[in-house]
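Here is the structure we will look at, set down as structure tokens.
The values are calculated or read from the model by the stated rules, or taken from the named source; none is laboratory data. What you see is a predicted model, and the numbers here were worked out from it, not measured in a lab. In this analysis, Cβ positions are derived from the backbone assuming ideal geometry, glycine residues included, and neighbour counts consider all displayed protein chains.
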Amino acid sequence: MKKPRKITVKPFLNDKLEGIETCIQENDTERETFLFPLYYMVIYNRNNTKFKSRLGFYYETIEEASLEMISFESKTIEKILRYQISKSEDEVNLKGLGNHFNILSEDLFYCTEKYLKAKLKFFALKADGRLSFIINFDDFRNSFTKYYEVITQLFTGIEKYFDKQFELEVKSYEQYKMLREKEHIKPFSAPVIIDWLNGSYKPFIQRKITSETDQKHIFSLIESVVQKQLKFID
């Protein structure tokens, strides 16, 4: 077996771009400075690429960025590249890695919420297209559960528009949500899309959900979510 090639991920502030000018208060004086976005340089097989952090912001020095966030994103980048290597018979180049990173590093549960909110919005449009536009389905601060409660109260009889797949997905979501809440996810540690694709997250669900039928339904929901996300990759 060939020894896996080394992957290097280096965080840096991209000062080649136009920075954000700002003033920083130090003691009784102010000083002007520039803030630059957090980027990553990825080196593999004598090739390299650079792209912007998805979770990072603009900083004066890289030491201001969270070490936990940098570690999380760096590990995620390596997982994505390792997955691409495992699925390709040819040499993998780094073209498009930044786009893959933006999609495959998204929180798996958050993507599930977006997926079900979009379906709920579709049913609300069918029930009453006039009222559905006054509700912001894209507000991440409100869970799908909250939207579901409000929509079913606001749109009388909307349940008749629900198909069997959606009803089953809602039940699977509630189980998945309970599982997620019990995990006590720490910042920068949530399972992301690549953790589903590479198979590393499935064993956790299998250990926690004993019913094979429930496992199957949750897996089906997550797989639908992941496949929808993959459509956004160029």
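Figure legend. Inter-residue proximity from region 9-21: first residues assigned by TED's automatic domain parsing to the domain that holds residue 39, second residues at pLDDT 95 or above and of a type in the set (Lys, Arg), beta-carbon distance below 8 Å, spacing 6+ or different chains. Indicated pairs: 14/50; 14/52. The single condition among (1) under 15 Å from the mean Cα position of the chain (by Cα); (2) surrounded by 17 or more Cβ atoms within 10 Å (Cβ to Cβ); (3) of a type in the set (Phe, Trp, Tyr) that residue 110 does not satisfy is (2).
No other residue among 72, 123 is among the aromatic types (Phe, Trp, Tyr), over 21 Å from residue 46 (Cβ atoms) and free of Cβ contacts under 8 Å to residues at least 60 places away in the same chain apart from 123.
Mind checking which residues of region 31-54 are charged (D, E, K, R) and surrounded by 10 or more Cβ atoms within 10 Å (Cβ to Cβ)? Within region 31-54, 50, 52, 54 meet the criteria. The set of residues from region 201-221 being part of a loop (DSSP other than H, G, I, E, B) and exposed (fewer than 13 other Cβ atoms within 10 Å of the Cβ) comprises 210, 211. State yes or no: is residue 96 out of contact with any Lys or Arg (no Cβ under 9 Å at 6 or more places or on another chain), loosely packed, with under 14 Cβ neighbours inside 10 Å and under 25 Å from residue 165 (Cα atoms)? Judged against the criteria, residue 96 is not a match.
Counting only strands (runs of 3 or more DSSP E) that sit completely within region 1-70, those holding 1 or more residues that are farther than 17 Å from residue 100 by Cα and in contact with a strand residue (DSSP E or B) (Cβ under 9 Å, 6 or more places away or on another chain) correspond to 7-13, 20-26, 29-44. If the condition is being part of a helix (DSSP H, G or I), exposed (fewer than 15 other Cβ atoms within 10 Å of the Cβ) and of a type in the set (D, E, K, R), then region 138-177 contributes 146, 149, 159, 160, 164, 167, 171, 174.
Please tell me if residue 61 is out of contact with any His (no Cβ under 9 Å at 6 or more places or on another chain), surrounded by 14 or more Cβ atoms within 10 Å (Cβ to Cβ) and among the β-branched types (Val, Ile, Thr). Criteria not met by residue 61.
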